[in-house]
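See structure below.
The values are calculated or read from the model by the stated rules, or taken from the named source; none is laboratory data. Keep in mind that what you see is a predicted model, and the values were worked out from it rather than measured. Cβ placement follows ideal geometry from the backbone for every residue including glycine, while neighbour counts extend to all protein chains displayed.
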Amino acid sequence: MIEVKSLTFSYGKKEIFGNLNFSSGSDICVIKGPSGCGKTTLLKLLTNNLKPDSASNLPNKTKKSLILQEDALYPWMTGTENILKVINVTKKDIVDHPLYQKLVPFIDQYAYQMSYGQRRMVELFRVILYKPDLLCLDEPFNFLDPTNRKIILDYILNEIAPTATIIMSTHYNEDTSGLNLPTLYFDGQFPVRRLLTEDEFKKL
């Protein structure tokens with residue numbers, strides 16, 4: 001179960017969250033909303049990348065990971081070096097994972113030599129190896145073709161989801177119907193006080 005209570009946060013004088021409360025009966029959910037509505041800010045607050053002004057309840061997890069839309073690889077390192085620098089695994093752990101075979105053609109290139117999609121594959125492979133207990137994904141499948149998107153999602157659902165809380169953000173128009181996951185919606189208004197259920201959103 002995912003539950004947030006009494007979350008407040010402001011950027012300077014702009015109040016983003018005003019006593020926000022929401023919950024999901026599942027340990028994995030999708031949050032949808034337009035650009036700039038607060039999705040990324042919420043994920044940063046849940047993973048301690050930002051500090052809330054106040055909150056009475058946030059997910060109590062110890063291994064937290066956040067995948068943002070922006071690339072988070074060191075450009076002067078290879079894909080393998082980027083993994084080894086950030087998480088506590090060995091080269092053998094990397095090579096022995098079945099997903100490694102998908103990355104063999106480019107994982108030992110420098111990140112700046114890779115395409116956007118290749119860098120995103122390395123970043124998502126790294127988080128799969130890390131196995132966080134809270135994983136927040138902000139538009140995680142940008143630059144991935146449908147085949148690689150399905151491969152990565154299957155690994156996340158099979159290897160991370162059974163023991164973790166996962167929150168994934170998307171735009172309103174991104175189709176996630178095939179995932180059959182609970183979905184909550186931002187209405188685009190500030191300050192955000194609650195997230196809407198799908199039925200509530202459809203009535204807007």
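Inside the stretch 2-43, can you point out the residues that are among the basic types (Lys, Arg) and either under 22 Å from Ile156 (Cβ atoms) or modelled with pLDDT under 90 (or both)? Can you show your working first?
Here is the first cut: in the stretch 2-43, the ones among the basic types (Lys, Arg) are 5, 13-14, 32, 39.
Lys32, Lys39 - these are the residues of the stretch 2-43 that are among the basic types (Lys, Arg) and either under 22 Å from Ile156 (Cβ atoms) or modelled with pLDDT under 90 (or both).
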Inside the stretch 60-82, can you point out the residues that are surrounded by 16 or more Cβ atoms within 10 Å (Cβ to Cβ) and either hydroxyl-bearing (Ser, Thr, Tyr) or in a helix (DSSP H, G or I) (or both)?
Ser65, Thr78, Gly79, Thr80, Glu81, Asn82
Out of (1) assigned by TED's automatic domain parsing to the domain that holds Ser35; (2) of a type in the set (Ser, Thr, Tyr); (3) surrounded by 16 or more Cβ atoms within 10 Å (Cβ to Cβ), the one Tyr155 does not meet is (1)
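Every residue, every condition in (1) over 16 Å from Phe141 (Cα atoms); (2) not assigned by TED's automatic domain parsing to the domain that holds Ala111, yes or no:
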| position | (1), (2) |
| --- | --- |
| Cys37 | yes, yes |
| Thr41 | yes, yes |
| Leu45 | yes, yes |
| Asn49 | yes, yes |
| Pro52 | yes, yes |
| Ala55 | yes, yes |
| Gln69 | no, no |
| Ala72 | no, no |
| Trp76 | yes, no |
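Mind checking which helices (runs of 4 or more DSSP H) fall wholly inside the stretch 83-194 and carry at least 2 residues that are closer than 22 Å to Glu70 by Cβ, among the charged types (D, E, K, R) and under 20 Å from the mean Cα position of the chain (by Cα)? I'd like the intermediate steps shown before the answer.
Details: elements: 91-96, 100-103, 116-130, 146-155.
The qualifying helices (runs of 4 or more DSSP H) are 116-130.
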Take Pro52 and decide whether it is under 29 Å from Asp199 (Cβ atoms), in a loop (DSSP other than H, G, I, E, B) and not small (Gly, Ala, Ser).
yes
